[in-house]
Structures are given as C-alpha cells and as structure tokens.
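What follows draws every value from the coordinates through simple rules; no lab data is involved. Values in this document were obtained by computation on a predicted structure and should not be read as measured data. Positions of Cβ are backbone-derived with ideal geometry, glycine not excepted, and every protein chain shown enters the neighbour counts.
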Amino acid sequence: MPPIYPVAVAMAFELATYGFVSGYLYKRRKINLFVSLIVAMFLGRLVSGIANYILLTSMGKNIC
C-alpha cells in the first residue's frame, strides 16, 4: 500500500486521468485503442508529476 499522502493522492489523479482520457478518445473521438491508451498514459504521467510537485511543495519538503 502506498502512503496516503502524497503518493496515493497523486495516484488517484493519475488513474482518473487514465480512465477519462482513454475513454474519451476511444468512445467519443473514435481513435484507435492503442493510440488512445498511449496518449492517456502520457497525460496521466504528466498529471501525476504536476500533482506530486504541488503536494510535495505544499508539504514543505525539498524535492531537488
């Protein structure tokens, strides 16, 4: 189990992005399944990085 703060919170945003983007691209835009999954993985990692940055800087820890 990941620690609740900040890993699980950032993971929740990442997984929500995976689901939303892949479902939107595949069902609404009729894009190929593999292309929609690759785009969703890229955007999910981007959202995870942004969420981790925000959560870790608000916690006061130095991430560099």
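Across the stretch 1-37, the qualifying residues are those that are more than 17 Å from Gly49 (Cα to Cα) and touching a Leu at 6+ places or on another chain (Cβ under 7 Å), and the one among them that is surrounded by the fewest Cβ atoms within 10 Å (Cβ to Cβ) is Ile31. Counting the residues of the stretch 1-31 that are in a loop (DSSP other than H, G, I, E, B) and of a type in the set (Phe, Trp, Tyr) gives 0.
Of all residues in the stretch 32-44, those that are within 18 Å of Met11 (Cα to Cα) and in contact (Cβ under 8 Å) with a residue 12 or more places away in the chain have Cβ atoms under 9 Å from Cβ atoms of residues that are surrounded by 15 or more Cβ atoms within 10 Å (Cβ to Cβ) and of a type in the set (Asp, Glu), 6 or more apart or on another chain, in Gly44/Glu14.
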